[in-house]
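Undergrad: Pasting a structure below so you can have a look.
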Amino acid sequence: MSDGNPDVVIVGAGFAGMYATYRFRNLGLSVKVIEQGSDVGGTWYWNRYPGARCDVPSLEYSFGFSEELEQEWDWPEVFSAQPDILRYANHIAERFDLRRDMVFNTRITAVTFDEARRLWVLETDTGETWEAPYCVMATGCLSVPNKPEIPGADTFEGLELHTGLWPKDPVDLSGKRVGIIGTGSSGVQAIPELAKEAGELYVFQRSAVYTVPANRKAMRGAVQQEFKDNYRRIRELQQANAGGVSNFRPTRSVETPPVTSIRQPRALDIKPMAPDERRKLVMERGLNQLLNFRDVYTDPEANEIANNLFREAVRHMVEDEDTAEALVPHDYGLGCKRQVLDRDYYDTFNRDNVTLVDLRSNPIEAVTPEGIQTADAHFDLDVLIYATGFDAMTGALLKANITGRDGQTLNDKWAYGPVAYLGLQARGFPNLFTVTGPGSPSVLCNMLVAIEQHVDWIGDAITHLKSSDQLMEPLEASETTWIEHVNEVAEGTMYTTPSCNSWYLGANIPGKPRIFMPYVGGYPRYKDRCDQEAASGYPGFEFS
Ligand code: NAP
């Protein structure tokens, strides 16, 4: 067992674990962070694939807990690339001396509640064990890469990569025959960059994607300064916005408004517009316009109007007719999945070295030592890239092998879907907290805003508990009514239509229960609920 056990063990040194370290220390708590990677950064540490970038504007996707940090940090682009976000993470780690409480290259193998001693015991793959009265799982929502089970997958003799586990050292793809499976956010970002380097690029697509052009502007000094001058107001605006985004528009900016993957529909409806007017808007001002409409996300008829306009635009952009047709999504609508943003995605398919393989008409039969065998052909590959996503939201928690009171495992408790209160705690797991857990706004919110709110709430709860040496866990009724509410607000949105198969619903992982996991009721409403709990002495929880 390790010397110097802390008050709180935090699992994960991504942005959640980093802020928790800072915050808990300031509350007078001792902490220890256990991290599988060799350094801080979480998502931005692991996802180093070419083209990786954030889909929330840089000045919004930043911490608000330190005014000095806000003022001293400069972002080079309106939407940041992965290396810049990782630099930001490293800067925070250094500035606040976070690494001194972090243990890297260490994977948690079991998290077990010792009832007699009222402690959480965390076992690791290095043999070291950590114990603490409080455990905070800051393990991220998209941190367990999904590699689908394809026959022969382990036989491939070339280089195999996953976008979510991209190597630190540069990968030389020049002149190589590269195959990529998956056309979600990661694939769509990677494909245009891979195409520039690879000799041949084969894109294996199962579902076509709705993707719109990302804002790709460099940051203007005046705009950055105006943000810095107004950061307190901007943080207030973030707190009042459903997606935790301020939408602050600098007066000195001549930029077109940023487009973010967090849905920000204006109070406009597409259905009442004349067909010519709609078409003109999209053809002249771009696909992004479709994201501005409110009814596209709530009214199936309006949704299909937007889907058709989108399809028409894709046919216009892609030269080869068969390729264009395969790139057009038919079986689900805009707003069902996380909005994807791209840089030159459709143009990439006009390149001579890029081939789209439509898996709907020509499915993968097997991975072979030399490449991929589909029903119609064999594709010889030097490199095979999986851009096949993640076991989202519950994956990392279930993989941690958590056992609570009375020997109950989290895997058993969540066998039919995640059961928790406010995405913060699950009954039977006292004094164990989750940051941005299922049932909280998490992935539907600006993640840094969601993280700060959760960590602050957990820090206050631990302070409250520590003063009286108590155990805390939600009442069964709190979990039940919260889950009913989470389901109720998701119903009737495009997210949960029967044709929608997204990772929000767990539908990307075979056998995973189909449950809409994030809270769609909006960040302010959610935060109010959390604040009320704390202000009224945590009535939804039981203390012992
Ligand atoms: P994803 O959205 O789940 O996409 C995975 C892709 O792999 C889909 O096209 C999927 O096809 C395909 N796939 C999965 N299993 C397959 C199989 N057996 N055979 C063929 N194709 C298969 O994963 P992601 O692209 O990594 O993105 C996940 C999330 O991470 C995003 O939604 C976003 O929240 C976040 N992200 C954000 C950014 C950003 O900030 N810009 C970038 C990357 C990721 P189907 O659709 O048919 O299942």
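The values are calculated or read from the model by the stated rules, or taken from the named source; none is laboratory data. Fair warning: this is a prediction, and the values are worked out from it, not measured in the lab. Virtual Cβ from ideal backbone geometry, glycine too; neighbours counted across all protein chains shown.
Undergrad: Among what's in the range 463-485 and is within 21 Å of D7 (Cα to Cα) and among the polar types (S, T, N, Q), pick the residue that is modelled with the highest pLDDT.
TA: Out of the qualifying residues, it is T463.
Undergrad: Of the conditions (1) part of a loop (DSSP other than H, G, I, E, B); (2) away from the ligand (no atom under 16 Å from the Cβ); (3) touching a Phe, Trp or Tyr at 6+ places or on another chain (Cβ under 6 Å), L142 fails just one. Which one is it?
TA: Only one criterion is unmet by L142, namely (2).
Undergrad: Tally up the residues in the range 415-433 that are more than 20 Å from S544 (Cβ to Cβ) and in contact with a helix residue (DSSP H, G or I) (Cβ under 7 Å, 6 or more places away or on another chain), please.
TA: 1
Undergrad: Another one. From the list I191, I180, which residue is surrounded by 17 or more Cβ atoms within 10 Å (Cβ to Cβ), over 28 Å from N446 (Cα atoms) and not hydroxyl-bearing (S, T, Y)?
TA: Only one candidate passes the filter, namely I180.
Undergrad: While we're looking at this one, here's another question. Only one of these conditions is not met by C336: (1) in contact with a Ser or Thr (Cβ under 7 Å, 6 or more places away or on another chain); (2) surrounded by 15 or more Cβ atoms within 10 Å (Cβ to Cβ); (3) over 30 Å from T298 (Cα atoms). Which number is it?
TA: Among (1) in contact with a Ser or Thr (Cβ under 7 Å, 6 or more places away or on another chain); (2) surrounded by 15 or more Cβ atoms within 10 Å (Cβ to Cβ); (3) over 30 Å from T298 (Cα atoms), C336 violates only (3).
Undergrad: Does P369 fit the bill of being crowded, with 17+ Cβ neighbours inside 10 Å and in contact (Cβ under 8 Å) with a residue 60 or more places away in the chain?
TA: Considered against the rule, which asks whether it is crowded, with 17+ Cβ neighbours inside 10 Å and in contact (Cβ under 8 Å) with a residue 60 or more places away in the chain, P369 comes out as no.
Undergrad: Tell me which residues, restricted to the range 490-544, are at positive phi and either of a type in the set (D, E) or touching a residue at least 24 places away in the same chain (Cβ under 8 Å) (or both).
TA: G492, G506, G522, Y538
Undergrad: Look through the range 71-124, keep the residues that are under 24 Å from the mean Cα position of the chain (by Cα) and hydroxyl-bearing (S, T, Y), and return whichever of them is farthest from G12 (Cα to Cα).
TA: S80
Undergrad: Additional query: What are the pairs, 6+ residues apart or on separate chains, where a residue within the range 208-224 that is under 22 Å from G286 (Cα atoms) and in contact (Cβ under 8 Å) with a residue 24 or more places away in the chain has its Cβ under 7 Å from a residue that is among the acidic types (D, E) and surrounded by 19 or more Cβ atoms within 10 Å (Cβ to Cβ)?
TA: The qualifying pairs are T211/D342; P213/D342; A214/D342.
Undergrad: Look at G187 and say whether it is more than 11 Å from the ligand (Cβ to nearest atom) and not assigned by TED's automatic domain parsing to the domain that holds I509.
TA: no
Undergrad: Has the range 198-215 got at least one residue that is of a type in the set (G, A, S), more than 26 Å from the chain's Cα centre (by Cα) and away from the ligand (no atom under 12 Å from the Cβ)?
TA: Within the range 198-215, one or more residues are of a type in the set (G, A, S), more than 26 Å from the chain's Cα centre (by Cα) and away from the ligand (no atom under 12 Å from the Cβ).
Undergrad: Which residue pairs have Cβ atoms under 9 Å apart, sit 6 or more places apart or on different chains, and have a first residue in the range 183-194 that is closer than 13 Å to Y346 by Cα and a second that is part of a helix (DSSP H, G or I) and near the ligand (Cβ under 7 Å from one of its atoms)?
TA: G187/T163; Q189/T163; A190/T163
Undergrad: Another question, if that's okay. Which number in (1) under 30 Å from G182 (Cα atoms); (2) more than 16 Å from the chain's Cα centre (by Cα); (3) assigned to a helix (DSSP H, G or I); (4) hydroxyl-bearing (S, T, Y) marks the one condition that Y22 misses?
TA: (1)
Undergrad: For the range 336-374, how many residues meet the condition of being over 30 Å from F79 (Cβ atoms) and not hydrophobic (A, V, I, L, M, F, W, C)?
TA: 11
Undergrad: Moving on. Give the residue, chosen from F65, F113, that is out of contact with any His (no Cβ under 8 Å at 6 or more places or on another chain) and farther than 23 Å from I402 by Cα.
TA: F65
Undergrad: Would you confirm whether any residue within the range 390-408 is assigned to a strand (DSSP E or B), within 16 Å of the ligand (Cβ to nearest atom) and either in contact with a strand residue (DSSP E or B) (Cβ under 9 Å, 6 or more places away or on another chain) or modelled with pLDDT of 95 or more (or both)?
TA: yes
Undergrad: Ok, one more. Checking E325 against (1) in contact with a Lys or Arg (Cβ under 6 Å, 6 or more places away or on another chain); (2) away from the ligand (no atom under 15 Å from the Cβ), which test does it fail?
TA: Result: E325 passes all but (1).
Undergrad: Just to confirm my filter: which helices (runs of 4 or more DSSP H) fall fully inside the range 251-362 and include at least 3 residues that are in the same structural domain as K176 (by TED's automatic domain parsing) and without any contact (Cβ under 8 Å) to a residue 24 or more places away in the chain?
TA: Those helices (runs of 4 or more DSSP H) span 300-317, 321-326.
Undergrad: Quickly run through the range 154-180 and pick out the residues that are near the ligand (Cβ under 10 Å from one of its atoms), within 15 Å of T368 (Cα to Cα) and out of contact with any helix residue (DSSP H, G or I) (no Cβ under 8 Å at 6 or more places or on another chain).
TA: Listed by number, the list is empty, since nothing qualifies.
Undergrad: Of everything in the range 28-48 that's part of a loop (DSSP other than H, G, I, E, B) and touching an Asp or Glu at 6+ places or on another chain (Cβ under 8 Å), which residue is farthest from the ligand (Cβ to nearest atom)?
TA: S30
Undergrad: Something else: Taking the condition under 23 Å from the mean Cα position of the chain (by Cα), surrounded by 17 or more Cβ atoms within 10 Å (Cβ to Cβ) and modelled with pLDDT under 95, does S253 pass?
TA: No; evaluated as a whole, the condition is false for this residue.
Undergrad: Residues in the range 465-477: is at least one touching a helix residue (DSSP H, G or I) at 6+ places or on another chain (Cβ under 7 Å), surrounded by 16 or more Cβ atoms within 10 Å (Cβ to Cβ) and either assigned to a loop (DSSP other than H, G, I, E, B) or not assigned by TED's automatic domain parsing to the domain that holds I181 (or both)?
TA: yes
Undergrad: For the list (1) in contact with a Phe, Trp or Tyr (Cβ under 8 Å, 6 or more places away or on another chain); (2) within 16 Å of the ligand (Cβ to nearest atom); (3) in contact (Cβ under 8 Å) with a residue 24 or more places away in the chain, I need the number of the one condition that P474 fails.
TA: Just one mismatch for P474, condition (2).
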